[in-house]
Amino acid sequence: MQENRLTFTDDIRHTFRQAIGRDRYDHTFIITDHNCLRLCLPLLDAHDIPFISIEPGEENKNLKSLAKIWKYLSDNKCTRHSLIVNIGGGVITDMGSFAAATFKRGTAHINIPTTLLAMTDASTGGKTGIDFNGLKNEIGCFSVPEETIIYAPFLNTLNIEAMLSGYAEMLKHGLIAGMRQLTGIMQFDMTQPDYTALQTLIKESLEIKTGIVRQDPMENGCRKALNFGHTIGHALESLAMETGHAVPHGYAVAWGMVCELYLSAVRLSFPTAMLHQMTKYIASLYSRFYFDCKQYDRIYDTITHDKKNTGDRISCTLLKDVGRYVINEEISKNEIFEALDYYRECM
């Protein structure tokens, strides 16, 4: 699998034109959402390029939206020699990349992420997909973009909730990488962001991710470390959508990290002091998701569908310490329930 080319730019118009003109594509198409169409596309001066815009939000990352994109590409004569440009947050880069990967059995695409979550996670690494049957990213494939272009000023359009959503993925990268990286991330004031300093942190966070992906592009081994916080986090995110109270992906990851840090302490002797420090820190930033023990079985059932599982065994990435991850750690139903108890007591 090809390596994801990353470009950081201070001149998005020039870099965008350079990217779409790099090869002899017969057509170029943009996939975006209504918010980015209004706030971000004018900065690219892309008025001459045909586009499709969908409703924003995780609840629209589904087969219906994907079919709408496929139909648009087909009706407008997109070919295997065309280029698809995904401009938006994680929903657009996940779904747009999947549309490109499957249309005509594979069409070239580039990602231009406009949220912190997409910049630090969704737009790189080659994972694509949509939600299906109430499950997060249930349908998808690996397809690496030709290029991912990072333009930090897009973040000026975001509210604090959207910024914190991306920050959770950065915290995850710090926890699996080491204390130096984690400390640098935790010292950053997300409530009053310095965007120049933030761009440096984004680069460092992506270096952590791409370094792991380079070793294991198809997620057969160490890339599973990047799923820390996601086993339980995805289940909580699915429950929130199911009950009509959709939450930002990063919030669910933050809650999942609290649960999985607890499991790390119980199973692998992750330092208790660090468990409590991280729980307190996450609780100070992320609002609590309310559920009760009557919903534990529903959460567990969702976890049994996790892509990292083998047969009936639930596999999870846990930590022995900051920077010391263990993949394929098998966890039981009772342990998951204990972790959910810990979350409800401490958050």
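Please treat every number below as a calculation from the coordinates, not as lab data. Keep in mind it's a predicted model, so treat the numbers as computed, not measured. We place every Cβ from the backbone using ideal geometry, glycine too, and count neighbours over all the protein chains shown.
Give the long-range amide H neighbours of G88: residues separated by 5 or more places, or on another chain, with amide H under 5 Å away, using H modelled in the peptide plane at 1.01 Å from N.
I112, T114
Expressed in whole Å with the largest first, what are the equivalent ellipsoid semi-axes of the chain derived from the C-alpha gyration tensor as the square root of 5 times each eigenvalue? All intermediate terms of the calculation are to be shown ahead of the outcome.
Values: eigenvalues 222, 94, 67 Å².
Semi-axes, largest first: 33, 22, 18 Å.
Take the cross-link list K209/K307; K104/K127; K127/K280 and give me the ones stretching past 26 Å between alpha-carbons. List each step's numbers first, then the result.
Numbers: K209/K307 19 Å; K104/K127 19 Å; K127/K280 31 Å.
K127/K280, as the Cα separations exceed 26 Å there.
What is the set of long-range amide H partners of I150 at a cut-off below 5 Å, with H atoms built 1.01 Å from backbone N?
Amide H neighbours of I150: T7, F8, T9.
From the phi angles alone, apply the Karplus equation (6.51, -1.76, 1.60; θ = phi - 60°) to the range 45-62 and give each ³J(HN,Hα) in whole Hz, x where the residue is Gly or Pro.
6, 9, 5, 8, 10, x, 9, 10, 10, 10, 5, x, x, 4, 5, 9, 8, 9
Quick test of your reading: applying the under-4.7 Å Cβ rule, which cysteines of the chain are isolated?
C78, C141, C222, C259, C293, C316, C346
What are the semi-axes of the equivalent ellipsoid for the range 1-98, taken as the square roots of 5 times the Cα gyration tensor eigenvalues, largest first, in whole Å? Kindly include the intermediate steps, with their values, before the conclusion.
Numbers: eigenvalues 84, 57, 40 Å².
Largest first, the range 1-98 gives 20, 17, 14 Å.
For the range 17-73, I need the span (max minus min coordinate) of the C-alpha atoms along each principal axis, in Å, sorted largest to smallest.
Here the Cα extents, ordered largest to smallest, are 34, 24, 15 Å.
Please identify the chymotrypsin sites (Phe, Trp or Tyr not before Pro) of the range 42-103 that satisfy two criteria: DSSP loop assignment and at most 10 other Cβ atoms within 10 Å. Which are they?
Listed in order of number, the matching sites amount to none.
Dividing the Cα convex hull volume of the range 87-234 by residue count, how many Å³ per residue is that? Intermediate values should be presented prior to the final figure.
On the way: hull volume 16.8 nm³, N = 148.
Dividing the Cα hull volume of the range 87-234 by its residue count gives 113 Å³.
Pick out, from I20, L182, S264, the residue whose Cα sits farthest towards the positive end of the charge dipole of the chain, with +1 on the Cβ of Lys and Arg and -1 on the Cβ of Asp and Glu.
Farthest towards the positive pole: I20.
Could you go through the range 203-208 in sequence order and give the Karplus-derived ³J(HN,Hα) for each residue, using 6.51 cos²θ - 1.76 cosθ + 1.60 with θ = phi - 60°, rounded to whole Hz, and x for Gly and Pro?
Once θ is set to phi - 60°, the couplings for the range 203-208 become 4, 5, 5, 5, 4, 4 Hz.
So what is the orientation-averaged projected area of the range 109-180, using the convex hull of its C-alpha atoms, in nm²? Can you show the working numbers first?
Values: hull surface 24.7 nm².
Dividing the Cα hull surface by four gives the mean projection, 6.2 nm².
Excluding the sites themselves, what is the longest stretch of the chain that contains no trypsin sites (Lys or Arg not before Pro) in a DSSP loop with at most 14 other C-beta atoms within 10 Å?
81-287
Could you work out the mean projected area of the convex hull around the alpha carbons of the range 169-278, in square nanometres to one decimal? Before the final figure, lay out the partial values.
Values: hull surface 32.8 nm².
Over every viewing direction, the Cα hull of the range 169-278 projects on average to 8.2 nm².
May I ask you to work out the translational diffusion coefficient for the range 256-310 at 4 °C, viscosity 1.567 mPa s, via Stokes-Einstein with Rh from the Kirkwood sum over Cα pairs, reported in whole µm²/s? Don't skip to the answer; put the middle values down first.
Working: Rh = 13.0 Å.
It diffuses with D of about 100 µm²/s by this estimate.
Could you give the C-alpha radius of gyration of the range 174-227 expressed as a fraction of 2.2 N^0.38 Å, taking N as the number of residues it contains? Mind dumping the intermediate values first?
Numbers: Rg = 12.7 Å, N = 54, 2.2 N^0.38 = 10.0 Å.
In units of the globular-protein estimate, the range 174-227 measures up at 1.27.
When the Karplus curve 6.51 cos²θ - 1.76 cosθ + 1.60 is applied with θ = phi - 60°, which whole-Hz ³J(HN,Hα) does each residue of the range 3-17 get, with x for Gly and Pro?
My calculation for the range 3-17 gives 7, 6, 7, 10, 10, 9, 9, 10, 10, 5, 4, 5, 5, 4, 4 Hz in order.
Using the 2.2 N^0.38 Å rule of thumb for compact globular proteins, work out how the range 12-171 stacks up: its C-alpha Rg over that value, please. Spell out each step's value before the answer.
Values: Rg = 14.4 Å, N = 160, 2.2 N^0.38 = 15.1 Å.
Working it through for the range 12-171, the quotient is 0.95.
Distances over 17 Å make up what percent of all Cα-Cα pairs in the range 275-343?
Result for the distance tail: 55 percent.
Once you charge only the Cβ atoms, +1 for Lys and Arg and -1 for Asp and Glu, what is the size of the charge dipole of the chain about its Cα centre, to the nearest 20 debye?
Working: 35 positive and 41 negative charges, 136 e Å.
Value, rounded to 20: 660 debye.
For the chain, give me the percentage of DSSP beta bridges that are antiparallel, rounded to the nearest 5 percent. Could you put the intermediate results ahead of the total?
Numbers: 12 of 32 bridges.
Taking every DSSP beta bridge with both residues in the chain, the antiparallel ones total about 40 percent.
Would you calculate a helix-derived [θ] at 222 nm for the chain, using -39,500 (n - 2.57) for each DSSP H run of n ≥ 4 and dividing by the full residue count, to the nearest 500? Each step should come with its number before you reach the end.
Details: 13 runs with 161 residues, N = 347.
Using -39500 (n - 2.57) per qualifying helix, the result is -14500 deg cm²/dmol.
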